[in-house]
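> One structure, pasted below without further comment.
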Amino acid sequence: MGMPVSLALRGRHADDTAARTAWAGALAVLREADRVFSTYRADSDVSRLSRGESGLEDCAPEVAEVLALGAMAERDSSGAFSVWRPGPDGDVVLDPSGVVKGWAVERAAALLRSLDGTDFCLSAGGDMVCSTADPDAEPWRVGIEDPADPRRLVAVVPVSSGAVATSGRAHRGEHVVDARTGRPPAAVASVTVIAGSLTWADIDATAAFALGPEAARWLETRPGRCGLVVWADGTTTTVHPVSR
Amino acid sequence: MQVQITVSGGQVTDVEVLEYPDDDGRDRQINARALPILVSETLDAQSADIDVVSGATYTSEGYTSSLQSALDQAGL
């Protein structure tokens, strides 16, 4: 996936063998996800499935799980989010990377949850899972980058327990498109979502971004999430959580 | 979890969710007050009062010049 991964630890196992074992395990989970899901590797399960060379039954069982998440997100976003996109020669190709990243990092974080008495923040390519052993302890302070200027922050979120994901045009160019039109949305510069799991924070950030002008209104309907939409003109909308 | 897959000519054409996936994380709650607080700060790893940065997908190429890289090196 070509993304930097950082881990911050505080507390009992901040710097010991248990922490190093958990970190090695977390990296192994991410490497395995890359091996199965990478669209850049011609021999990955997903690449072979996309080319029609193998069926879902030949893939790792996690592929069905990720495709199901993608189908749910497509349904919930009225089709703006999809793991299927138009390929270079007019075919429809499978690209589950909008689901896989958050899902894989959330799985990797499970290994860090086993470290008792320890706070962690596992960050991968600008998205992160945060946890504090004591809910009243000092929260992790997550800065939200200004999409217009990566040297600036637009907001800070104090997170004791939860995940944060941001989707936008910065860094990688216009890589998120509205699956209904195949075009990148124009009205919105970035969407940050805070949720209980990074799987859904990441999916919802991408889906809300793809929805363009509807981003904040859609996010307001998602239970257990809150977030920040930065519009193309630099104004912002803070989305408060709704009760379920 | 149950998923229904429609295959046509060896290609997966449709995936339908028959039952909600059992994703532990889905029911994990975020802490109260985990709301974005608007700020306007020029970033500097030495002075920024933050642990980590969320931004649109950092790639490995972009990482070396990112604030996250500076925070990691500072060991915050």
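The values are calculated or read from the model by the stated rules, or taken from the named source; none is laboratory data. These numbers come from a predicted model, not from an experiment. All Cβ positions, even for glycine, are placed from backbone atoms using ideal geometry, and neighbour counts span all protein chains on display. These accessible areas exclude ligands, DNA and RNA; they are computed on the full protein's heavy atoms, side chains included. Shrake-Rupley method; radii C 1.70, N 1.55, O 1.52, S 1.80 Å.
> Just one of the numbered conditions (1) outside any strand (DSSP E or B); (2) surrounded by fewer than 19 Cβ atoms within 10 Å (Cβ to Cβ) is not true of residue A:93; which one?
(1)
> Looking at residue A:104, is it under 20 Å from residue A:195 (Cα atoms), more than 9 Å from chain B (Cβ to nearest Cβ) and touching a residue at least 40 places away in the same chain (Cβ under 8 Å)?
Yes; evaluated as a whole, the condition is true for this residue.
> Could you identify the single residue in A:12, A:35 that is under 22 Å from residue A:129 (Cβ atoms) and in contact with a Gly (Cβ under 7 Å, 6 or more places away or on another chain)?
A:12 is the lone residue from the list that is under 22 Å from residue A:129 (Cβ atoms) and in contact with a Gly (Cβ under 7 Å, 6 or more places away or on another chain).
> Might you let me know whether segment A:58-80 holds any residue that is farther than 24 Å from residue A:179 by Cα and facing another protein chain (nearest Cβ under 9 Å)?
The answer is no; no qualifying residue exists.
> While we're looking at this one, here's another question. Residue by residue through segment A:46-57, note down the ones that are of a type in the set (S, T, N, Q) and either away from every other protein chain (no Cβ under 11 Å) or open to solvent by 20 Å² or more (accessible area, probe 1.4 Å) (or both).
Hits for segment A:46-57 are A:47, A:50.
> Out of A:199, A:181, A:192, A:237, which single residue is open to solvent by 50 Å² or more (accessible area, probe 1.4 Å) and polar (S, T, N, Q)?
Criteria check complete, one pass: A:181.
> Taking segment A:43-87 as the region of interest, how many residues are over 23 Å from the mean Cα position of the chain (by Cα) and either closer than 18 Å to residue A:206 by Cα or not charged (D, E, K, R) (or both)?
Within segment A:43-87, residues that are over 23 Å from the mean Cα position of the chain (by Cα) and either closer than 18 Å to residue A:206 by Cα or not charged (D, E, K, R) (or both) number 4.
> Considering only residues that are touching a residue at least 40 places away in the same chain (Cβ under 8 Å) and in a loop (DSSP other than H, G, I, E, B), look in segment A:1-45 and name the one that is most open to solvent (accessible area, probe 1.4 Å).
Step by step, filter segment A:1-45, then rank; the result is A:12.
> Being open to solvent by less than 60 Å² (accessible area, probe 1.4 Å) and not in a helix (DSSP H, G or I) is the requirement here; does residue A:102 meet it?
For residue A:102, the condition - open to solvent by less than 60 Å² (accessible area, probe 1.4 Å) and not in a helix (DSSP H, G or I) - is not met.
> Still on this structure, please answer the following. Kindly provide the set of residues from segment A:124-152 that are facing chain B (nearest Cβ under 7 Å), open to solvent by 60 Å² or more (accessible area, probe 1.4 Å) and part of a loop (DSSP other than H, G, I, E, B), ordered by number.
A:135
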